[in-house]
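All remarks here apply to the structure that follows.
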Amino acid sequence: KLNELEELEKAHPEFFDPNSPTQRVGSDINSSFKQVKHQYPMLSLSNTYSEGEVMDFYERTRKSLNADFELVCELKYDGSSISLIYENGILTRSITRGDGEMGDDVTSNVKTIRSIPLRLQGDDFPEKFEIRGEILMPWTVFDELNKEREEQEEPLLANPRNAAAGTLKMQNSAEVAKRKLDGYFYYLLGENLPSNLHSENLYFARKWGFKVSDAIKVCKKPEDVFEFLSRWNVERKNLPVATDGVVIKVNSAVQQRNLGFTAKSPRWAIAYKFQAEQAV
Ligand code: IVH
């Protein structure tokens, strides 16, 4: 339909309309996908770059909560963020981040990703919930794709993140299927999640069939966090996908709620960027 509109506009330039859907180029929102509003906005995280800043986060959190708390360390996957909605164990919708409020419905493309469950295993999942994660193009797939492009003298893709984002927005899902994308999941949202602890909800998600990283550590003190940071700064180089840091989250959902959000990001989590990635 967009093609038809484009043809009509070319044939009748006198009807040019700056609000035409054909004019929406260059935005993350692609007019040929249906736009949908996120039930829970997709926020970003504030970045930190040193152990000192992580310590500041720890102290801030300790003072606000004024109680014992746990932190969970996870890798920060460097792909294209996605929100999946499951109803009665069936994948019903997949929405890109878009501008955080509205995203593109890319369900038909996401359904081609083999590691993403279309139907969940078990029977202890909530009737309706959202799960957020990252769509990634593994390094091997990325390198192969660029090799082909080089042979065809086509422009090379800059990095796996752009490649994954571009692939998710392709119009032809059969093409998407060939690209061998992967998905890692790290955050559940909904009314009746199985546990108050984020770390436990991730174990449930793994049991239901989602790919959840093994690089997860529940930490009771800042030293545990620092140990994770230095360990994964090295280990991540052996992973099949790109990571650019560590996400540090308060484990308890009740404590998360008490800490709340600023305009842009949660107060209960931060991102720590690996040194090598800071310039990028
Ligand atoms: S949690 C409210 N966990 O980083 C925050 N995000 O700058 C919920 N990301 O938009 C996100 N790995 O696309 C979380 N283990 C992880 C992550 C992760 C990568 C991305 C995500 C988010 C961005 C925040």
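For Tyr187, the conditions (1) more than 20 Å from the chain's Cα centre (by Cα); (2) under 18 Å from Ser83 (Cα atoms); (3) of a type in the set (Ser, Thr, Tyr) all hold with the exception of (1). Ser44 meets the stated requirement of being loosely packed, with under 15 Cβ neighbours inside 10 Å and either within 16 Å of the ligand (Cβ to nearest atom) or at pLDDT 95 or above (or both). For first residues located in segment 254-266 and assigned to a loop (DSSP other than H, G, I, E, B), partners that are of a type outside the set (Lys, Arg) and lie 6+ apart or on another chain with Cβ distances below 6 Å form the pairs Ser265/Leu43; Ser265/Ser44; Ser265/Leu45; Ser265/Ser46. Restricting segment 118-169 to residues that are in a helix (DSSP H, G or I) and of a type in the set (Phe, Trp, Tyr) leaves a set whose member that is nearest to Ser108 (Cα to Cα) is Phe142. Name the one entry in Ala164, Ala158 that is surrounded by 18 or more Cβ atoms within 10 Å (Cβ to Cβ) and out of contact with any Phe, Trp or Tyr (no Cβ under 7 Å at 6 or more places or on another chain). Answer to the selection: Ala164.
Candidates Ala242, Ala205: the one that is buried (at least 17 other Cβ atoms within 10 Å of the Cβ), small (Gly, Ala, Ser) and within 11 Å of the ligand (Cβ to nearest atom) is Ala242. Within segment 86-117, being within 16 Å of the ligand (Cβ to nearest atom), surrounded by fewer than 23 Cβ atoms within 10 Å (Cβ to Cβ) and outside any loop (DSSP other than H, G, I, E, B) holds for Met102, Asp104. Scanning segment 72-85 for residues that are outside any strand (DSSP E or B) and surrounded by fewer than 22 Cβ atoms within 10 Å (Cβ to Cβ) gives a single hit, Asp78.
Considering segment 208-230, and only residues there that are within 13 Å of the ligand (Cβ to nearest atom) and not in a loop (DSSP other than H, G, I, E, B), the residue that is surrounded by the most Cβ atoms within 10 Å (Cβ to Cβ) turns out to be Phe228. Counting only residues that are away from the ligand (no atom under 12 Å from the Cβ) and surrounded by 11 or more Cβ atoms within 10 Å (Cβ to Cβ), segment 258-276 holds 3 of them.
Here Ala67 meets each of (1) more than 18 Å from the chain's Cα centre (by Cα); (2) not in a loop (DSSP other than H, G, I, E, B); (3) not charged (D, E, K, R) with one exception, condition (2). On inspection, Ser195 does not qualify as farther than 21 Å from Leu84 by Cα, small (Gly, Ala, Ser), surrounded by fewer than 17 Cβ atoms within 10 Å (Cβ to Cβ) and at pLDDT 95 or above.
The values are calculated or read from the model by the stated rules, or taken from the named source; none is laboratory data. Model, not experiment: these values are computed from the prediction. Cβ coordinates were reconstructed from backbone atoms using ideal geometry, including for glycine residues, and neighbour counts include every protein chain displayed.
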